[in-house]
1. For THR100 and ALA74 in one chain, what is 0.36 nm times their gap in residues minus the Cα-Cα distance, to one decimal in nm?
2. Return one whole number: the accessible area per residue of the chain in Å², for a 1.4 Å probe.
3. Pull out the extension gain between GLN1 and THR57, defined as 0.36 nm times the separation in residues minus the alpha carbon to alpha carbon distance; nm, one decimal.
4. Show me the ranking of peptides 1-10, 74-83 by mean Cβ neighbours inside 10 Å, starting with the highest.
5. In the chain, once you exclude exposed chymotrypsin sites (Phe, Trp or Tyr not before Pro) (DSSP loop, at most 15 other Cβ within 10 angstrom), what's the longest stretch remaining?
6. How much accessible area does ARG38 have with a 1.4 Å probe, in Å² rounded to the nearest 10?
7. Length gain on complete extension for the stretch LYS43 to THR112, per 0.36 nm per residue less the alpha carbon to alpha carbon distance?
8. Nothing charged except the Cβ atoms of Lys and Arg (+1) and of Asp and Glu (-1): what's the magnitude of the dipole of the chain about its Cα centre? Round to the nearest 20 debye.
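The values are calculated or read from the model by the stated rules, or taken from the named source; none is laboratory data. Since this is a predicted model, take the numbers as computed values, not measurements. Cβ placement follows ideal geometry from the backbone for every residue including glycine, while neighbour counts extend to all protein chains displayed. Surface accessibility is based on the protein's heavy atoms, side chains included, excluding ligands, DNA and RNA. Shrake-Rupley method; radii C 1.70, N 1.55, O 1.52, S 1.80 Å.
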Amino acid sequence: QVQLVESGGGLVQAGGSLRLSCAASGSFFVINTMAWYRQAPGKQRELVAGITSDGRTNYADSVKGRFTISRGNAKNTVNLQMNNLKPEDTAVYYCHALITYSPYWGQGTQVTVSS
């Protein structure tokens, strides 16, 4: 059974920074891609950033230049460095992994940015 465990959410003032981490555990061979999504109250879940197994990245326009996604030294981890946070970044952030082309989700971590 594959599990994704997130950490690093919290409350921060506008302009501040947070770092989210996600680790995949269980029995698997290949992690194809890892990504972060977020869902704000009353809104649909949206892609924030993604990274492939060979290091290619993509970002939502709203976070380009402020957020950076990276894989950890252990290839089953992914990090999201969030700088210059804005109140509109407030949401539950979910880790997503495509493992042997099957999707998996973490339980979510709350990020709250106060103005």
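1. So the extension gain works out to 7.6 nm.
2. 54
3. 17.5 nm
4. Output ranking for 1-10, 74-83: 74-83, 1-10.
5. For chymotrypsin sites (Phe, Trp or Tyr not before Pro) (loop position, at most 15 other Cβ atoms within 10 Å), the longest site-free span of the chain is 30-100.
6. Accessible area of ARG38: about 20 Å².
7. This chain segment gains 23.3 nm when fully extended.
8. Magnitude of the dipole: close to 100 debye.
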